[in-house]
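What follows is a single structure, written as structure tokens, with notes after it.
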Amino acid sequence: DGMVRVLASKDTPHVRVFSVDVYEQEIPPGSRSARHWHMADEVAYVVSGRGESQQWEVEAEIAERYYARVAKEPTTWEFKADDTVYVPQNHQHVYVNTGDEPLRLLIAQNRLIKYLGYDTVVYLEDAPEFSGEQAAATATAVA
């Protein structure tokens, strides 16, 4: 998903932020984040670089089961440094770096949705740089 640094979450009790999770994300030139889907809405502040946010709207119906209809084509929102990007709740999305320098984003997500039990992130497509072997090796080295 690019380089992600968690600044505030439920797992950072030393940080006094209770209603949002905050991340810093860096995406190399010519690359993109993983295509993923989560219930919490998010706002991204573009620290540096330029790119686009591709968002697939999801129509949902919650009955005895959860039913979702995902848009076939995304809407695309271009952005540059000092812009903000909004991703509505329950949308699939990707951040794409269209510039020639690293894209740096400061992302805040609504934690209330997560406290209600909707804290799963579904990864539909990995970022190009992701290697399962590398992640497994890192996890083994850390463990």
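Values quoted throughout were computed directly from the atomic coordinates according to the rules given, and no laboratory measurement underlies them. Everything quoted here is computed from the prediction, not taken from an experiment. Counting neighbours? That spans all protein chains shown, and the Cβs are built from the backbone with ideal geometry, glycine included.
In loop segments of the stretch 26-74 as defined by DSSP, the trypsin sites (Lys or Arg not before Pro) with at most 15 further C-beta atoms inside 10 Å of their C-beta are 65, 72. Count Lys and Arg as plus one, Asp and Glu as minus one, and take only other residues whose Cβ is under 13 Å from that of residue 82; the net charge is then +2.
How would you classify the stretch 47-126 from its alpha-carbon gyration tensor, with a ≥ b ≥ c the square roots of the eigenvalues: rounded for a/c under 1.5, else prolate if a/b is greater than b/c, otherwise oblate? Prolate is the answer for the stretch 47-126, as a/c is 1.5 or above and a/b outweighs b/c.
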